[in-house]
1. Semi-axes of the equivalent ellipsoid for the stretch 681-743, please: Cα gyration tensor eigenvalues, times 5, square-rooted, ordered largest first, whole Å.
2. Using a 10 Å cut-off around each Cβ, can you sort 761, 643 from fewest to most neighbouring Cβ atoms?
3. For a Förster distance of 30 Å, can you work out the FRET efficiency between the beta-carbons of residue 218 and residue 146, rounded to the nearest 0.05?
4. By count of other Cβ within 10 Å, fewest leading, how are 13, 423 ordered?
5. Let me have the relative contact order for the chain, percent, based on Cα pairs under 8 Å that are six or more residues apart.
6. Give the shape of the stretch 123-252 as rounded, prolate or oblate, defined through the alpha-carbon gyration tensor: a ≥ b ≥ c are the square roots of its eigenvalues, a/c under 1.5 means rounded, and otherwise the shape is prolate if a/b is larger than b/c and oblate if not.
7. What FRET efficiency, computed as 1/(1 + (r/R0)^6) with R0 = 25 Å and r the Cβ-Cβ distance, is obtained for residue 572 and residue 122, rounded to the nearest 0.05?
8. State, to one decimal in nm, how far the label point of residue 729 lies from the label point of residue 774, with both points 7 Å from Cα in the Cβ direction.
Amino acid sequence: MTTLIPLPLTQFVVKMHSRCDLACDHCYVYEHADSSWRSRPKVIADGIMAKAAERIGEHAAAHRLPAVRVVLHGGEPLLAGPDRLRRAAGTLRAALPPGCALDLRIHTNGVLLSRDFCSLFAEQDIKVGISLDGDRAANDRHRRFADGRSSHPQVLRAVALLNEPEYRHLFAGLLCTMDVENDPVAVYRALAELRPPAVDFLLPHATWDEPPKRPAALGATPYADWLLTVHGLWEADGRPFAVRTFESVHRTLRGFSSLTESLGLEPSDLAVLETDGTFEQADSLKTAYDGAPVTGMNVFAHSLDDLARHPGIAARQSGLPGLSEACRACSVVRSCGGGLYAHRYRSDDGGGSFDHPSVYCGDLMTFINGIAGNGSSTGVPVQATEAPRPGAEPLPPGALTPSQLDPSQLDELARGYGSAETVAALGRSQLALTRAMLAAAWDASGQGRAEAWALLAELDAAAPAAVDTVLAHPYARAWAARRLAGDLPVGLGPLAALAAAAAVRAGRGDAVPVPVRGGWLHLPTLGRIAVPDGEAVVTGRAHGFEVRASDGTVRTVLDEPLRRVRLAGGWTVALEDADPLRDCHDHPVAERLTEGELLDWTGALREAWELLGRDLPGYAEGIRAGLATVTPLRPGPTGRDVSSAARQAYGAVGIARPATAPTLALLLAHEFQHVKLGAVLDLTDLYDRADTTLYLAPWRPDPRPLEGLLQGTYAHLAVTEYWGTRTRAYDGLPGEAADRAREQFALWRRYTAEAVERLASSGALTGTGSRFADGMRATVAPWLALPLPAAAEQAADRARRERAGI
Ligand code: SF4
């Protein structure tokens, strides 16, 4: 796929301490072929850390990364001590450019984890992953101190600390290295008891030279059998926590991206920094041969772009063409991806190479087929057949991935809210998705309008703010989505128009031809000009633009500029009534607003914004951070309010002008919930997309797919809170408005609570989805306890019966 930007590195493992306080016999650092740890400094020096932070910061700025992940690692990173860890976190954070989020983690064996460390991690927002192989027997098999003592009690104490309410948000999950001689049921139960937010099950590192153990009694594919047993328990429990190994197979079987480097075809974007400042490739390569991860580069002499061009890293970014012939021909390759790169190595092929299937090939095939429902270790492998939906195209490197949306931000969104920072993170992920979809749509088009594409790519480097502004326009993605869905009549004109708008914003004198249809040349984010059909040439100037129409006339002024409404607090929202691609809401759009209608909308929006700040303060901040556009819709049937968000137009809500400003406030809040949830669903699976069951939402007569129920529930969190706030404001006062607020609150709190339980009991939520439902429940529960007058409850009963047709 063509991308506007080169593949950057976004994940960095930084070795804080090169020694460990345990002596696990399956550790790839100390117990495998590579012995480079012997010659390295024990602790990373502050100067090396500062240079590493500078390199990451410059890389993030050059590639305009919305987020980077840094994992503080070892050896055992806690041995570096709290002061050095605090300095490292501060140095990293200070080095990142504005707009680039830091997802900072530490991966530890947990032995030294103390309350002091947890306080430091809370202060520095460092998420904690713990290695634990299961119950005591399983963990003791490998994870012992050098003198043979068990480390299990210390690890359980560490997990208990992370489960305390004040630290729970720091708990990133558990990493369990499998051993087929451990009882998978006991391992699963022991881990599940600890209520982790996520568990990674890792295959022990091995190569064709050093194959994994396969006890004869356990059959031909013991690793697959072990994993499938755990998978069955996890499914039976309703997927109580995230498991990337399982979710990656579920996703790739349906054509989505993998979530882990060890499966699937996604390019690797990971680099490792050792304590001496040398860059290495993935740590797992230590298992292949002595020196396998070496790059010959170091943080002082080489940039991360230099590192990204290293042949070893490029090899892990090359997808299907980079795999062995056997893998390329394999029908589960989209899910498997040849397994982890390190596991492909063999030395007896005339020089040693990774050009082989994984040493776990049979297990991987059986495991993937087992999850797909084929269930046979020798049966015909399944082929992923369902094409990815355009709205869920794999994100390119540099975009936010599910794990890069901070778990606490996901929890915050689950409660219904979303701070400015959290909504901005969603916006960045959507911008990255738009870029990827535009590139895919252009590729699929046969690369027509090449001059427009080339200009867009050039401006992306020379005037990135201009390109970002245009691509963040909600309907930029709508074009790509329509093309990818096979709507070819939409043509390539909108792509040229995006390039033209970026050229006008950049003002460098670039010219781009744009096809004109229907007598209007539309420049996204700017407005439109009436010119004859044909091809107009748009030239961006330092202080304006010039449009040369097909009849030779030259125009320098927009006939109908995009109109923006300035709201209290100094922010603006666009009233989009000209973009030809805005017609993607579930209701016809209104024509260009008259001056009178514009005045009416302006007043209503200003009043509605004031009401949102007063009645829904927990939502208003996010709305301000993410609402870019209100698209006027045509009025609905008499007396019916009409509003609609569009999944392919992040940041826009469509609304037919309602009778009152409070109704407009309510519709804005309701629709922006859909906008937020759509962005969350692009980042992470909250439910099994293969689920075909229809579910009744309590407020609708027609059953809907699970996403419909989820969307409705999420939107009604805001609606219920609005009525709750109004109820409290009236606080026992008499009057029609007060009675209506109490009745609506009584009605919607019940509806929303019922809907949350229907979702939770659907059996179709993923582990993350269940956690999301828990968040919604936590918001609804206190509302149910609020006393309301009997008359309000009775009115709510009547309304429910009427809606149900009883
Ligand atoms: S199952 Fe085996 S042959 Fe197929 S992609 Fe995986 S490693 Fe390659």
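Just so you know, all these numbers are worked out from the coordinates, no wet-lab data involved. Predicted, not measured: the structure shown is a model, and the values here were computed from it. So basically every Cβ, Gly included, is an ideal-geometry build from the backbone, and we count neighbours across all protein chains shown.
1. 34, 14, 6
2. Values: 761 11, 643 24.
So the residues, fewest neighbours to most, are 761, 643.
3. Numbers: r = 30 Å, r/R0 = 0.99.
With R0 = 30 Å, the Cβ-Cβ based efficiency is 0.50.
4. By the 10 Å Cβ count, ascending, the order reads 13, 423.
5. Once normalised by length, the contact order is 10 percent.
6. Numbers: a/c = 1.86, a/b = 1.30, b/c = 1.42.
Since a/c reaches 1.5 but b/c is at least a/b, the shape of the stretch 123-252 is classed as oblate.
7. That pair, residue 572 with residue 122, gives E of 0.10.
8. 3.4 nm
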